[in-house]
Amino acid sequence: MTYLAKPKFHHPALPKNALGYTRRDYEGSVSTLCAGCGHDSISAAIIEACFELAIEPHRVAKLSGIGCSSKTPTYFLGNSHGFNSVHGRMPSVLTGANLANRELLYLGVSGDGDSASIGFGQFAHAIRRAVRMVYIVENNGVYGLTKGQFSATADRGSKSKRGNVNADSPIDLVQVALHLGATFVARSFSGDKEQLVPLVKAAIEHEGSAFIDVVSPCVAFNNHPGSTKSYDYVRAHNEAVNRLDFVSPRSPIAVNYAPGSVELVEQHDGSVIALRKLDNEYDVNDRLAAMNFLEVHADKGEIVTGLLYLNPAPEDLHDHAHTVAAPLNSLTEQDLCPGSDALAKVNASLR
Ligand SMILES: Cc1ncc(C[n+]2csc(CCOP(=O)(O)OP(=O)(O)O)c2C)c(N)n1
Ligand code: SF4
Ligand SMILES: [Mg+2]
């Protein structure tokens, strides 16, 4: 069913972006997820962000693992490169692809089971290596695809659909990402398009490791009273630290912000994130304060959303590994084999 294509025709008056593409050009096949699944709203936010940024679809590589969440790349960016890896192994496949060709935009889409359970080590190592990517976890607290077992992000004390209580401590992927050096860390809610679309846009432009945890209710197995990842629970406990607008350097927009209530954060590439602060204490550049803020609010049962941490001058794995800028498949024999003199020098340096 996931191969079902959408009709090719569309209304000629659909709005176009700077490349002349419509939103339809950023869509994929018809979704086969359950009606109302939060994951479909995240796909819609990714489509909107790429349309608004006028991203060339062939410059995107979307990678995923296994799960309902990991199926979603089929439902967006149908003209982009795609790789559906083994369960929990997306981060290393993405890292390898990125090392081979840094010219693509790498979009990793995963689930809480895929990244916090079987793929936890993979997630941690991709983040600590500063791989430039947008890593989105569609977090519903369960293994949706395999019928709703608790995942490692399920809150202690939360109840399954059958009434079982989770006794295990949860892994907060946002805290892990902050601890391991991600330079853009955010949390959002699939039902909050106003917050999610600018977050995805800002993450795409970020020149480092960007992680977004999106609470995404599973309507089939985790949307009942007693769940802490249901639509009702998140709406009632959402504590947003900021609202944001994203201004791309490619399309300068005259913006007029109310003085005092907005903080402008310029990124490496000149793009600007305008943060409307909701919590005056919150400083988006203070990593330790962010970790503390999250803990304090988690203790009160609140889910903190928004842009939680941003390092405007990120480093990249390629800087650390001193790799060549050109994609590996464009290197010629001459580039790869500099001759016996060069080899003799290398050998001499090792003696
Ligand atoms: C190696 C391996 N182990 C287990 C499975 C079975 N399995 C498939 S998806 C999945 C969990 C998916 O959960 P999550 O990543 O949270 O995605 P969701 O379906 O909730 O979006 C599991 C355990 C598998 N496919 N491969
Ligand atoms: S089982 Fe849950 S996660 Fe999977 S498609 Fe249905 S609602 Fe979404
Ligand atoms: Mg899940």
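Some values worked out for this structure:
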quantity: Positive-pole candidate from ALA344, ASN285, VAL60, dipole of the chain, charges at beta carbon; calculated: VAL60
quantity: Potential lengthening between PHE83 and LYS16 on full extension [0.36 nm per residue; Cα-Cα distance subtracted]; calculated: 21.3 nm
quantity: Estimated FRET transfer efficiency (GLU56, THR32; beta-carbon r; R0 35 Å; 0.05); calculated: 0.80
quantity: DSSP beta bridge pairing in region 161-308, given as percent antiparallel to the nearest 5; calculated: 60
quantity: All-pairs Cα distance distribution in the chain, expressed in whole percent, bin size 10 Å; calculated: 5, 24, 33, 23, 9, 4, 1, 0
quantity: Area of CYS37 that stays accessible when all protein chains are in place (1.4 Å probe, Å², to 10); calculated: 20
quantity: Cβ crowding within 10 Å averaged over residues, with 186-197, 91-102, 161-172 ranked highest first; calculated: 186-197, 91-102, 161-172
quantity: Virtual spin-label span in nm between SER349 and PHE9, 7 Å along Cα→Cβ; calculated: 6.4
quantity: The chain: angle of helix 340-350 to the longest principal axis, Cα-based, in degrees nearest 10; calculated: 60
quantity: Filter on LYS71/LYS300; LYS159/LYS300; LYS159/LYS201; LYS147/LYS201; LYS62/LYS277 - keep pairs with C-alpha separation over 26 Å; calculated: LYS71/LYS300; LYS159/LYS201; LYS147/LYS201; LYS62/LYS277
quantity: Principal-axis tilt of helix 38-52 within the chain, Cα atoms, nearest 10 degrees; calculated: 50
quantity: Gained length - ASP335 relative to ARG24, 0.36 nm times residue gap less alpha-carbon distance; calculated: 107.9 nm
quantity: Cα-based helix-to-principal-axis angle, 90-100 vs the chain, degrees rounded to 10; calculated: 30
quantity: Heavy atoms of HIS87 accessible to a 1.4 Å probe, total area in Å² rounded to 10; calculated: 60
quantity: Amide H contacts of LYS6 (H built 1.01 Å from N, under 5 Å, at least 5 apart or other chain); calculated: VAL30
quantity: Residues with amide H under 5 Å from that of ASN139, placed H, sequence gap 5 or more; calculated: VAL214, VAL215, SER216
quantity: Approximate shape of region 265-351 as ellipsoid semi-axes (Cα gyration tensor, √5λ), whole Å, largest first; calculated: 48, 17, 11
quantity: Among ALA274, ASN79, ALA202 - extreme Cα towards positive end, dipole of the chain, charges at beta-carbon; calculated: ASN79
quantity: Accessible surface of the chain, 1.4 Å probe, proportion on carbon and sulfur as whole %; calculated: 54
quantity: R0 of 41 Å, Cβ-Cβ distance ASP279-ALA100: FRET efficiency to nearest 0.05; calculated: 0.45
quantity: 5 Å binning of all Cα-Cα separations within region 123-270, expressed as whole percents from 0 upward; calculated: 2, 9, 16, 18, 17, 15, 11, 6, 4, 2, 0
quantity: The chain, dipole about Cα centre (Lys/Arg Cβ +1, Asp/Glu Cβ -1), debye to the nearest 20; calculated: 1060
quantity: Cut-off under 5 Å, modelled amide H: who pairs with PHE76 long-range; calculated: GLY28, SER29
quantity: Rounded, prolate or oblate (a/c below 1.5 giving rounded, otherwise prolate when a/b exceeds b/c) for region 55-112 by Cα gyration tensor; calculated: oblate
quantity: Projected area, mean over directions - region 15-65, Cα convex hull, nm²; calculated: 4.2
quantity: Per-residue HN-Hα couplings for region 199-206 [Karplus 6.51, -1.76, 1.60; θ = phi - 60°; Hz; x = Gly/Pro]; calculated: 5, 5, 4, 5, 5, 4, 7, 5
quantity: The chain - accessible surface per residue (Å², probe 1.4 Å); calculated: 48
quantity: Residue-level accessible surface for LEU145, protein heavy atoms, 1.4 Å, Å²; calculated: 80
quantity: Surrounding net charge for ALA177, when Lys and Arg each add one and Asp and Glu each subtract one, Cβ distance under 12 Å; calculated: +1
quantity: For region 145-194 and region 34-110, distance of Cα centres in Å; calculated: 20
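The values are calculated or read from the model by the stated rules, or taken from the named source; none is laboratory data. As the structure is a prediction and not an experimental result, all values here were calculated from the model. Here the Cβ is made from the backbone with ideal geometry for all residues, glycine too, and neighbour counts use every protein chain on show. Heavy atoms of the whole protein, side chains included, go into the accessibility calculation; ligands, DNA and RNA do not. Shrake-Rupley method; radii C 1.70, N 1.55, O 1.52, S 1.80 Å.
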